[in-house]
1. Please compute the length gained on full extension between A:Glu141 and A:Asn53, using 0.36 nm multiplied by the number of residues separating them and subtracting their Cα-Cα distance.
2. Test of the criteria: in segment A:1-81, which trypsin sites (Lys or Arg not before Pro) are in a DSSP loop and have at most 16 other Cβ atoms within 10 angstrom of their Cβ?
3. If one computes the Cα centroid of segment A:349-415 and of segment B:49-71, what distance in Å separates the two points?
4. At 1.4 Å probe size, with every protein chain present, just tell me what the per residue accessible area of segment B:3-70 comes to in Å².
5. In deg cm²/dmol and to the nearest 500, what is the mean residue ellipticity at 222 nm of the protein assembly as shown if only DSSP H runs of at least 4 residues count, each as -39500 (n - 2.57), divided by the residue total?
6. How shielded is B:60-66 by partner chains, expressed as the average number of their Cβ atoms within 10 Å of its Cβ atoms?
7. Mean separation of Cα pairs under 8 Å and 6+ residues apart, divided by the residue count of chain B: what relative contact order is that in percent?
8. How big is the antiparallel share of DSSP beta bridges in the protein assembly as shown, given as a percent to the nearest 5?
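The values are calculated or read from the model by the stated rules, or taken from the named source; none is laboratory data. As the structure is a computational prediction, the values presented were derived from the model and not from experiment. With ideal geometry, Cβ positions are generated from the backbone for all residues, glycine too; neighbour counts draw on all protein chains shown. Ligands, DNA and RNA are stripped out before the accessible areas are found, and what is left, the full protein with its side chains, is counted by its heavy atoms. Shrake-Rupley method; radii C 1.70, N 1.55, O 1.52, S 1.80 Å.
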Amino acid sequence: MADLQINLAGIKSPNPFWLASAPPTNSGYQVQRAFEAGWGGAVWKTLGDPIINTTARFAAASFNGKKVAGFNNIELITDRPLEVNLKEIYETKKRFPNHAIIASLMVEPKQEKWHEIVKRVEDIGVDGLELNFGCPHGMAERGMGAASGQVPELVEKQTYWVKEVAKTPVIVKLTPNITDITVTAEAAVCGGADAVSMINTINSLMGVDLDSWNTVPHVAGKGAHGGYCGPAVKPIALNMVGECARNPLIDIPISGIGGISNWKDAAEFILMGATGVQVCTAAMHHGFSIVEDMIDGLNNYLDEKGIASVMDLVGKSVPKYSNWGDLDLNYKVVARINNDVCINCNKCHISCEDTSHQCIDMLKDATGKSYLKVREEDCVGCNLCSIVCPVDGAIDMVEIKQTLPSMTWNERQSRIASFMT
Amino acid sequence: MSEYETFMEEKNKIDSYFDKGYQVISIFENLSGTFVDFVTGEEAIEREVVQIQLLTAEARKYIATKLLFVS
């Protein structure tokens, strides 16, 4: 059994699986049930001046029969008074002293507002704070959440104000609704953040009803943009984690969030630099018990790899994440069709012929039987055929032995620069 | 002609000029591709300059690889 305990900027938890600040962490009842199920930590639903929500708050994208490929919400922060939340945090921490409870906070960008809420929350006993600079809807219209998280100066200033009084580690939660998340991550570092978490939800409109022409969801015939999350956003989140992890100016731990649905997703985020992960949509879809498979899966994976502690996995893929200009232009893979497995559906031929490089031929053998063959010399190794192929093992992408030395775009440009007239 | 065949033609040209002792003196890149000027002969009066246009991406990689590691 591997050691799954993590230490994220001084916040310890029995495993790297935390519930993200969201509906699953709205109350002590829920968080205590989550801890009983096995979650290592919880980021309490964002505390601040209690809000009023609408009904009809969630919507989801289904794709080819898969429910909740993406999830959209227009729910705001907690609608309960601070005292009620603090009482439940206290009771929960008392019952589960070894689990991590992090209070998510959001107030107006004023020093005295931040000082007040930080002191009141820390007085009750939490393991850390997470500053919500990411919520894209509703609160952003009031100058909070993503509205302040999109302005690096405000991220730095507010983090600094919190650090003036905070006694526990401060995590800054970043919005993905920005061109370059490393800019706001660097601002958080400059403000004194102990860690960053990412991503919050992405601005989204789930759909439009073609009969009523209402947005989905709608509130009495009107809609507003929401925040998108769930499996569909994982690649976006993973890239943002990776970009921050490989940036030497962002030298603080990362809590990874965004579409994490199983242990494999979690392991990928950890490999890409996250010390731990936060989960919401998968728990909303399947319930708290999914953490059992996450724990078992990660444990087995670490054992198979001979890794004693999950902390030893953190960031192992970061050195492999680079700029395009540093990739080897002379590396070559080609598609190879395994005709024993291929069902001759021709999807690879169609995709290659119509939208790629026209290098898969439809041929007939001596008996008149159809088969597909890649002209490897014309194949650019784009992977498209293997992506669209419906049969596992029918198309392999095969490395071709390199006859030329490695050369990156940057090396090429540097070399030919001396010949430019 | 396939892209590969075009590349092979361009590669053969590059290789043949190098084999004959030509050296690259100038490279110019624009919307039409890469233009490589080869020169041979040591004396100014003997110098012959030939220009080839590289259309394929493979050839544009190949010429740089040759310059980086071979010549």
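1. Values: separation 88, 0.36 × 88 = 31.68 nm, distance 1.42 nm.
Value of the extension gain: 30.3 nm.
2. Hits after loop and neighbour filter: A:Arg57.
3. That distance is 24 Å.
4. On the way: 3950 Å² over 68 residues.
So segment B:3-70 comes to 58 Å² accessible per residue, rounded to a whole number.
5. Numbers: 15 runs with 158 residues, N = 492.
That comes out to -9500 deg cm²/dmol.
6. Working: counts 3, 6, 4, 4, 11, 10, 2.
Mean shielding count: 6.
7. Working: 75 pairs, mean separation 18.9, N = 71.
27 percent.
8. Working: 42 of 72 bridges.
Expressed as a percentage, antiparallel bridges in the protein assembly as shown total about 60.
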